[in-house]
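Working notes, structure below.
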Amino acid sequence: KRDVYILGIETSCDETAASIVKNGNEIISNVVASQIESQKRFGGVVPEIASRHHVEEITLVIEKALDDAGLAPSQLNAVAVTEGPGLVGALLIGINAAKAFAFANALPIIGVHHIAGHIYANQLVQPMEFPLLALIVSGGHTEMVIMREHGSFELIGETRDDAAGEAYDKVARVLGLPYPGGPHVDKLALASESAVEFPRAWLEADSYDFSFSGLKSSVINYKHNLEQRGGILDAEAVAAGFQQSVVEVLTVKAVRAAKEYDVKQVIAAGGVSANRGLRNSLESTFAKEHIPFSVPPIALCTDNAAMIAAAGTQMYLSNVRGDLSMNGRPGMQL
Ligand code: KG4
Ligand code: ZN
């Protein structure tokens with residue numbers, strides 16, 4: 001059988017990324033131009049600025065992905081690009097670059113859902129076994145999805161308010177940490193010897209939904225009350241308490257879902273799955289339950305294009321094709 005080489009392109013938020021993946025599971029090149037330094041000044045992603053960065057970087061990033069791989073466009077089978085969800089202006093830069101590249105090189109174009117990409121990042125580490133539970137935790141998403149076969153996604157729970165990463169970023173801001181706050185809160189939490197007790201949002205007993213805005217408010221209130229009393233904030237203990245609450249809820253609900261759906265494998269995906277507290281908790285808990293668990297290396301948890309190429313390869317093999325009328329879909333459903 002001939003090898004399949006897919007060029008992946010990702011520009012849905014603040015990383016301009018291109019990657020070439022062989023047979024859906026082997027990274028040949030992986031280029032990510034991050035805008036974090038620039039977004040830091042504004043404490044978050046400003047859509048218009050993100051788009052401008054993408055315009056500046058996209059051609060260079062695609063060229064570098066081809067150069068690093070030592071491949072000519074004619075050796076590729078298709079171009080896979082994030083079609084949604086995300087910032088519409090940002091998505092369009094990647095989609096238009098993908099269309100131009102596909103048209104110029106007579107290649108098919110495939111539109112990939114960003115979250116499918118995060119899930120398929122795991123395919124770069126080990127093959128998927130179905131049925132599978134995916135816990136997706138990122139800046140924009142907190143979802144649990146059951147997959148019974150490639151390309152099929154059944155949403156069983158999601159956040160009712162803030163995404164986990166969003167809560168991390170907001171709490172980081174309250175603690176005076178730079179954007180994006182997740183990794184900073186993670187570091188403080190792991191360094192702490194004590195933890196402030198914050199509530200857990202379990203919701204209804206049988207629910208797989210999540211809620212993180214109440215927890216975020218608890219942190220804000222805690223800081224406010226402490227300051228009113230003239231107390232000094234122990235940022236490490238607050239970070240540790242916040243992280244314990246997030247990690248415990250995510251772990252307990254994931255284990256309950258894995259058992260109820262009798263899955264063969266659990267995977268974690270998305271930026272927050274880079275969190276060391278969460279990785280440790282999921283790894284040790286699923287080991288105790290004898291349920292196989294995997295999470296990609298940290299660089300493949302946050303936004304990248306290898307994951308888009310990996311998901312795109314599966315779609316390519318299933319004969320899914322887009323065309324040059326592709327548009328950015330900010331609210332795209334999985
Ligand atoms: O998947 P991602 O790169 O972009 C989205 O699709 O949203 O996720 C970014 C999110 C940010 O909220 C960031 O703070 C969070 O992932 N994040 C973390 C860690 N690393 C990144 N959150 C907690 N702990 C981390 N180590
Ligand atoms: Zn993402």
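The values are calculated or read from the model by the stated rules, or taken from the named source; none is laboratory data. Fair warning: this is a prediction, and the values are worked out from it, not measured in the lab. Positions of Cβ are backbone-derived with ideal geometry, glycine not excepted, and every protein chain shown enters the neighbour counts.
A few points about this structure:
- Scanning region 261-276 for residues that are within 13 Å of ligand 1 (Cβ to nearest atom) and surrounded by fewer than 18 Cβ atoms within 10 Å (Cβ to Cβ) yields a single hit, Arg276.
- Selection of first residues in region 151-165 that are more than 14 Å from Lys253 (Cα to Cα) and of second residues that are in a loop (DSSP other than H, G, I, E, B) and of a type in the set (S, T, N, Q), restricted to Cβ pairs under 7 Å at least 6 apart or on distinct chains, gives the following pairs, ordered by first then second residue: Gly151/Ser318; Arg160/Ser211; Asp161/Ser211; Ala163/Ser138; Gly165/Ser138.
- When residues of region 10-24 are limited to those that are away from ligand 1 (no atom under 15 Å from the Cβ) and assigned to a strand (DSSP E or B), the one surrounded by the fewest Cβ atoms within 10 Å (Cβ to Cβ): Lys22
- Qualifying residue in region 283-292 (condition: away from ligand 2 (no atom under 16 Å from the Cβ), under 20 Å from the mean Cα position of the chain (by Cα) and farther than 27 Å from Gln35 by Cβ): yes
- Tabulated pairs, region 226-239, first surrounded by fewer than 17 Cβ atoms within 10 Å (Cβ to Cβ), second in a helix (DSSP H, G or I), C-beta under 7 angstrom, 6+ apart or interchain: Leu233/Lys223; Leu233/Leu226
- Glu143 within 16 Å of ligand 2 (Cβ to nearest atom), among the acidic types (Asp, Glu), at negative phi and surrounded by fewer than 18 Cβ atoms within 10 Å (Cβ to Cβ): no
- The set of residues in region 197-256 that are in a helix (DSSP H, G or I) and of a type in the set (Lys, Arg) comprises Lys216, Lys223, Lys253, Arg256.
- All of (1) outside any loop (DSSP other than H, G, I, E, B); (2) surrounded by 16 or more Cβ atoms within 10 Å (Cβ to Cβ) hold for Val45 with one exception: (1).
- Residues of region 283-295 classified as more than 14 Å from Val252 (Cα to Cα) and either out of contact with any strand residue (DSSP E or B) (no Cβ under 8 Å at 6 or more places or on another chain) or at pLDDT below 95 (or both), total: 1
Yes/no per residue for (1) more than 15 Å from ligand 2 (Cβ to nearest atom); (2) under 18 Å from Ala258 (Cα atoms):
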| position | (1), (2) |
| --- | --- |
| Asn122 | no, yes |
| Glu149 | yes, yes |
| Arg160 | yes, no |
| Ala164 | no, no |
| Arg173 | yes, no |
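- Filtered residues of region 149-202 (kept if over 13 Å from Gln243 (Cβ atoms), of a type in the set (Asp, Glu) and either surrounded by fewer than 19 Cβ atoms within 10 Å (Cβ to Cβ) or away from ligand 1 (no atom under 13 Å from the Cβ) (or both)): Glu149, Glu154, Glu158, Asp161, Glu193
- The residues on offer are Pro330, Pro296, and the sole one that is buried (at least 19 other Cβ atoms within 10 Å of the Cβ) and part of a loop (DSSP other than H, G, I, E, B) is Pro296.
- Conditions (1) touching an Asp or Glu at 6+ places or on another chain (Cβ under 7 Å); (2) not in a loop (DSSP other than H, G, I, E, B): number failed by His184: (1)
- Under the condition of being under 14 Å from Val145 (Cα atoms) and crowded, with 21+ Cβ neighbours inside 10 Å, the residues counted in region 240-260 number 3.
- Pairs, first over 16 Å from Leu92 (Cβ atoms) in region 31-51, second among the hydroxyl-bearing types (Ser, Thr, Tyr), C-beta under 7 Å, six or more apart: Val31/Ser19; Ala33/Thr16; Gln39/Tyr179; Lys40/Tyr179; Gly43/Tyr179; Gly44/Tyr179
Yes or no, residue by residue, for (1) assigned to a loop (DSSP other than H, G, I, E, B); (2) of a type in the set (Asp, Glu):
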| residue | (1), (2) |
| --- | --- |
| Val55 | no, no |
| Leu60 | no, no |
| Glu63 | no, yes |
| Leu66 | no, no |
| Ser74 | no, no |
| Val79 | no, no |
| Gly86 | yes, no |
| Asn96 | no, no |
| Ala100 | no, no |
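- Checklist (1) within 16 Å of ligand 1 (Cβ to nearest atom); (2) under 26 Å from Leu155 (Cα atoms) applied to Gly94, failing item: (2)
- Region 257-267, subset out of contact with any helix residue (DSSP H, G or I) (no Cβ under 6 Å at 6 or more places or on another chain) and outside any helix (DSSP H, G or I), residue nearest to Ile136 (Cα to Cα): Gln265
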